[in-house]
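Report on the following structure.
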Amino acid sequence: MDKYDNYIFDFDGTIATIDVDWISLKKKINTLCIQNEFRIEQKLNLKIDQLKAVDSNVFQIIKSFEQNSADVDFQEIKPIISFLKKLDVFYVVSNNLRSTVSIVLKKIGLFENCKKIVGIEDIKNSKPSCSAFEVLLPFLNKGKSIYIGDRETDLEFAKNSNIDFKYVRDFYDFG
């Protein structure tokens with residue numbers, strides 16, 4: 001893999017997979033959308049983006065699903081963890097809560113090397129919007145950046161941010 005000045009990672013499905021009851025969370029978010037007369041046919045992150053503007057309780061709801069009693073149940077993505085341990089500095093842009101990402105990074109001993117976490121609560125528009133990249137820009141080193149993720153939304157985020165992209169599955173070859 002090419003050498004980059006900035007390694008930016010997605011979180012859930014890339015660094016770790018968190019154990020969340022996504023079906024129940026989506027139902028709860030849909031209920032809030034209906035109460036606020038928002039469309040429920042759109043993607044979860046877009047619904048959350050709309051709700052952020054009108055209901056500050058949405059983050060507490062997300063937290064109740066992502067963090068079980070101030071803890072997070074997760075499984076590490078081993079090839080990415082190995083790669084992260086070789087980096088002096090990295091960054092995280094996630095549609096999860098910043099506190100959820102922080103808890104997991106602390107548990108796996110990588111928090112100190114993470115220069116900046118941009119969570120869904122830090123931006124108006126979540127990925128694939130480039131809003132998170134704009135928040136991250138002042139913290140990045142000058143030079144070439146790459147975003148590593150596991151979904152099409154992550155690829156779209158990288159394209160919208162005009163940076164390189166690599167799927168997490170490609171790291172199984174680079175170990």
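Brief remarks on what is shown
- Longest site-free stretch - the chain; sites: GluC sites (Glu not before Pro), DSSP loop, at most 11 other Cβ within 10 Å: 42-175
- When the Cα positions of Ile23, Val135, Asn162 are compared along the charge dipole of the chain, Val135 comes out farthest toward the positive end, with charges on each C-beta of Lys, Arg, Asp and Glu.
- More than 20 angstrom apart: percent of Cα pairs within the chain: 51
- Across the chain, the relative contact order, built from alpha-carbon pairs under 8 Å that are at least six residues apart, equals 30 percent.
- Segment 137-158 and segment 1-66: distance between their alpha carbon centers, rounded to Å: 19
- Unit Cα scatterers, Debye sum, segment 22-66: log10 I(q)/I(0) for q = 0.18 Å⁻¹: -0.42
- Put in order of Cβ neighbour count within 10 Å, fewest first, the listed residues Tyr147, Tyr167 become Tyr167, Tyr147.
- Under 13 Å, Cβ to Cβ, from Lys27 - net charge with Lys/Arg +1 and Asp/Glu -1: +2
- Selected from Val54, Val72, Val93 as most flexible by GNM, with the chain as the system and alpha-carbon contacts under 10 Å: Val54
- Fluctuation leader among Pro138, Pro79, Pro128 - the chain, Gaussian network, Cα springs under 10 angstrom: Pro138
- For Phe74, the residues whose amide H sits under 5 Å from its own are Asp19, ignoring neighbours fewer than 5 places away on the same chain, with H placed 1.01 Å from N.
Every read-out reported here was derived from the displayed coordinates using simple, explicitly stated rules and does not represent laboratory data. Note that the structure is predicted; figures quoted are calculated from it, not measured. For neighbour counting, all protein chains shown are included, and Cβ atoms are generated from backbone atoms with ideal geometry for every residue, glycine included.
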